[in-house]
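The values are calculated or read from the model by the stated rules, or taken from the named source; none is laboratory data. Predicted, not measured: the structure shown is a model, and the values here were computed from it. Glycine also receives a Cβ, built like all others from the backbone with ideal geometry; neighbour counts cover every protein chain displayed.
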Amino acid sequence: MTTLLINIDHVATLRNARRERFPDPVVIALACERAGADGIVFHLREDRRHIKDADVRRLKQKIHSKLDFECSLASDVIDICCDVKPDLATLVPERREEITTEGGIDAIGNRKRITHTVDRLHAAGVKKVALFIDPNQDQLRAAADTGADIIELHTGDYANVVTEMESIQSLNLLADAARFAHELNLVVHAGHGLDYDNYEAFRANVPFVAEVSIGFAVIARSLLTGITVAVQEMKFLVSGPDSE
């Protein structure tokens, strides 16, 4: 069964827009846990545009389910990740001008630096390290060479398709990538842009996905339904009919 992690970055974005102390991403993270989420994801960006250092420490103290620390290769952020020792560290690319992460990390071009970072995280006691990566076999092969344990397939292109043909092509690409990663003995995760409308087709077509990270869709839905119902609805979609 695929597990569901909820990304709470956008709660912090709302808080920071007014420079307030609320809504508190830690409070929302705990509510997600109570609603049935299998874990919490956060991204400590270099520019600290949403999650702050203090949030990270509090999440580590309060969260009892799986904690996934998304981070770039920046040394100071990796220092914090090594100190916090989350259940999972997911290495992602960052550009200051982007609104949100726009693609997978370049495992080919950054192989040496990524390998060093993966080794450093493992040595610090972070048991599992993932690379957020595009569904490209060359990139996947390079990811395996870095010593990473997991790849998180970037599903943003699938989320942005317009036509049915584009959807089919994108799902086929993701399915092929998931199978190839499985052959490389990499655990397969997925995330970015998955929502209540596009997840069912993703689940039906892409194999070997052990975990998905979903944030914006759930936080946006919670404005209408409340966070408990929003998480429960997504959990139902992710678990599938066989869970009943």
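Does residue 238 meet the test of being crowded, with 18+ Cβ neighbours inside 10 Å, touching a strand residue (DSSP E or B) at 6+ places or on another chain (Cβ under 6 Å) and over 24 Å from residue 166 (Cα atoms)? Even if it seems obvious, please write down each step before you answer.
Details: crowded, with 18+ Cβ neighbours inside 10 Å: yes; touching a strand residue (DSSP E or B) at 6+ places or on another chain (Cβ under 6 Å): yes; over 24 Å from residue 166 (Cα atoms): no.
Spelling it out, it is not the case that residue 238 is crowded, with 18+ Cβ neighbours inside 10 Å, touching a strand residue (DSSP E or B) at 6+ places or on another chain (Cβ under 6 Å) and over 24 Å from residue 166 (Cα atoms).
Within the range 126-173, restricting attention to residues that are outside any helix (DSSP H, G or I) and of a type in the set (Ser, Thr, Tyr), which residue is modelled with the lowest pLDDT? Please lay out each step first, then the result.
Filtering the range 126-173 down to residues outside any helix (DSSP H, G or I) leaves 126-136, 146-155, 160-163.
Narrowing the set further to residues that are of a type in the set (Ser, Thr, Tyr) leaves 146, 155, 163.
On the way: 146: 97, 155: 97, 163: 94.
Taking the candidates together, the pick is 163.
Can you tell me which condition residue 54 does not meet? The list is (1) touching a residue at least 24 places away in the same chain (Cβ under 8 Å); (2) surrounded by fewer than 19 Cβ atoms within 10 Å (Cβ to Cβ); (3) farther than 26 Å from residue 188 by Cβ; (4) hydrophobic (A, V, I, L, M, F, W, C), and all the others hold.
(1)
If a residue has to be of a type in the set (Val, Ile, Thr), under 14 Å from residue 211 (Cβ atoms) and surrounded by fewer than 24 Cβ atoms within 10 Å (Cβ to Cβ) to count, how many in the range 130-160 make the cut?
Kept after step one, since they are of a type in the set (Val, Ile, Thr), are these residues of the range 130-160: 133, 146, 150-151, 155.
Retained after the next criterion (residues that are under 14 Å from residue 211 (Cβ atoms)): 150-151, 155.
Going one step further and asking which of them are surrounded by fewer than 24 Cβ atoms within 10 Å (Cβ to Cβ), we end up with 150.
Qualifying residue count for the region: 1.
If residue 177 passes every condition in (1) touching a Phe, Trp or Tyr at 6+ places or on another chain (Cβ under 7 Å); (2) part of a helix (DSSP H, G or I) but one, which one does it miss?
It fails just one condition, (1).
If you take the residues of the range 73-94 that are touching a strand residue (DSSP E or B) at 6+ places or on another chain (Cβ under 7 Å) and not in a strand (DSSP E or B), which of them is farthest from residue 40 (Cα to Cα)?
Ranking the candidates gives 73 first.
Name the pairs: first residue in the range 164-186 and without any contact (Cβ under 8 Å) to a residue 12 or more places away in the chain, second residue surrounded by 14 or more Cβ atoms within 10 Å (Cβ to Cβ) and of a type outside the set (A, V, I, L, M, F, W, C), Cβ to Cβ under 9 Å, at least 6 apart or on different chains?
166/157; 166/158; 168/205
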